[in-house]
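A short write-up of the structure that comes next.
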Amino acid sequence: MKVSIDISAEYKEPFAVIHTDKVTDEIQRAVDMLGTNETPVTAFRNEEDIVVLKPDEIYMVRVEDGDTIIYGAKSQYRSRRRLYELSEQLGSKFMQISKTTLVNLSYMDSIEPGFSGTLLLKLRNGSKDYVSRKYLPEFKKYLGL
């Protein structure tokens, strides 16, 4: 896809125009992303394929063996960004529940008591992780407990 930017004082508000012969999935995703205030996240499906994810497509972000893994509904992606960078980018729908994990609060499925005063949080896609004691007070506050 070709991209060009026209900078001029006559434009008071940015707008985008897409010239195409048909609306493909790629074009529709671009329109969806440009039409919202959400900042897309880029990640790698494998070593070469870069995917662009909207925040609502992300269930969980976890650091595993030094790699940042993004969990979607059915797929996993690798990111080169650090957890704190993704936390800032993803915004208020996401909460850090441990030193290594961010979750999308919209996709919580259930919560079970864990060991040593922690909670086990399960998401709708089957992912799960413990809410550590350090992050437990804020998590309980969010739940109204």
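The values are calculated or read from the model by the stated rules, or taken from the named source; none is laboratory data. Bear in mind the structure is a predicted one, so any value in this text is a computation, not a measurement. Using ideal geometry, Cβ is built from the backbone for each residue, glycine included, and neighbour counts are taken over all protein chains shown.
Observations, loosely collected:
- Any hit, segment 69-78, residues being of a type in the set (D, E, K, R) and without any contact (Cβ under 8 Å) to a residue 24 or more places away in the chain: no
- Sole exception among (1) surrounded by 15 or more Cβ atoms within 10 Å (Cβ to Cβ); (2) within 25 Å of Glu47 (Cα to Cα) for Leu105, by number: (2)
- Pairs where the first residue, in segment 126-145, is surrounded by fewer than 18 Cβ atoms within 10 Å (Cβ to Cβ) and the second is modelled with pLDDT of 90 or more and outside any strand (DSSP E or B), C-beta under 8 Å, 6+ apart: Lys134/Lys99; Tyr142/Leu105
- Scanning segment 86-125 for residues that are part of a strand (DSSP E or B) and either touching a residue at least 60 places away in the same chain (Cβ under 8 Å) or in contact with an Asp or Glu (Cβ under 8 Å, 6 or more places away or on another chain) (or both) returns Met95, Ile97, Ser98, Thr101, Val103, Asn104, Leu119, Leu120, Leu121, Lys122, Leu123.
- The residues in segment 36-83 that are closer than 24 Å to Tyr130 by Cβ and part of a loop (DSSP other than H, G, I, E, B) can be counted, and the count is 10.
- All positions within segment 112-125 that are among the hydrophobic types (A, V, I, L, M, F, W, C) and buried (at least 16 other Cβ atoms within 10 Å of the Cβ): Leu119, Leu121, Leu123
- Failed item in (1) touching a helix residue (DSSP H, G or I) at 6+ places or on another chain (Cβ under 8 Å); (2) within 27 Å of Ile27 (Cα to Cα); (3) not in a strand (DSSP E or B), with Arg133 passing the rest: (2)
- Single match in Lys2, Lys54, Lys74 (criterion: exposed (fewer than 11 other Cβ atoms within 10 Å of the Cβ) and modelled with pLDDT of 80 or more): Lys74
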